[in-house]
Amino acid sequence: MLTFNTDKYKDLAPLLLRIGVGLIFIVAGWGKLNGIDGTAEFFGNIGIPLPVIMAWVVAIVEFVGGIMVLAGYRIQLPALLLAFTMLVAIITTKLGGDDVFRAMRLDLMLLLASLALMFIGSGSYSADSLLGKKES
């Protein structure tokens, strides 16, 4: 049986979560920023109020928040905002179909991973750790 010293590697968990969550949101946010008119039109079509403003807000939260999460810099607020973004995405675009879980599984995983990062923080391998900052 393979045994693993989890105490020795526990600081890798937040890093691995940050890499996955951060990269996905950076790419998604960059795509929205480069197609902001289409994003605003889509938001309007699904009933999001103030679609142009909200397209910019979501694109910036995803892009900048993704960078902050990836770097491990003060991630509690961006992680919360990213989780909220995923909750809204699930409610507005994923519910009501034939196979709801299949439609929302990535969004749900990003929501839960973002919340996990909000609770556990940046970890040892992070900009916060390098700068000697503690999250409050």
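Throughout, read-outs are computed from the coordinates displayed, never taken from laboratory work. Values in this document were obtained by computation on a predicted structure and should not be read as measured data. Note that each Cβ is placed from the backbone with ideal geometry, even for glycine, and that neighbours are counted across all protein chains shown.
Values computed for the structure shown
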read-out	value
Extension gain from ALA103 to GLN76, taking 0.36 nm per residue of separation minus the Cα-Cα distance	7.0 nm
Relative contact order computed over the chain (Cα-Cα under 8 Å; 6+ residues apart), in percent	29 percent
Residue exposure sequence - MET54, MET68 - by fewest surrounding Cβ within 10 Å	MET54, MET68
Tilt relative to the chain, helix 36-45 - C-alpha long axis, 0 to 90 degrees, to 10	70 degrees
Pair-distance profile P(r), taking every C-alpha pair of the stretch 21-62, with 10 angstrom steps and integer %	35, 52, 13
Within-13-Å neighbourhood charge of LYS32 [Cβ basis; K, R +1; D, E -1]	-3
Net charge of neighbours whose Cβ lies under 15 Å from the Cβ of PHE101, counting Lys and Arg as +1 and Asp and Glu as -1	0
Residues in the stretch 33-51 reached by a label modelled at LEU95 [backbone nitrogen below 16 Å; 7 Å Cα→Cβ]	46-49
Estimated FRET transfer efficiency when R0 is 35 angstrom, pair ASN34-TYR9 (beta carbons, to 0.05)	0.40
Folded to 0 to 90 degrees: helix 51-71 orientation relative to the chain principal axis, Cα	10 degrees
Tilt relative to the chain, helix 76-89 - C-alpha long axis, 0 to 90 degrees, to 10	40 degrees
Burial ordering of SER122, SER129, fewest other beta-carbon atoms within 10 Å first	SER129, SER122
Residue exposure sequence - TYR9, TYR73 - by fewest surrounding Cβ within 10 Å	TYR9, TYR73
Length added when fully stretched, LEU131-VAL52, from 0.36 nm per residue minus Cα-Cα	24.8 nm
Theoretical ellipticity at 222 nm over the chain - DSSP helices of four or more residues, -39500 (n - 2.57) apiece, nearest 500	-23000 deg cm²/dmol
Sum of side-chain charges, VAL52 neighbourhood, beta-carbon under 14 Å (Lys, Arg +1; Asp, Glu -1)	-1
Residues listed by number, the stretch 58-100, amide nitrogen under 20 Å from VAL27 label point at 7 Å toward C-beta	58-72, 79, 82-83, 85-87, 89-90
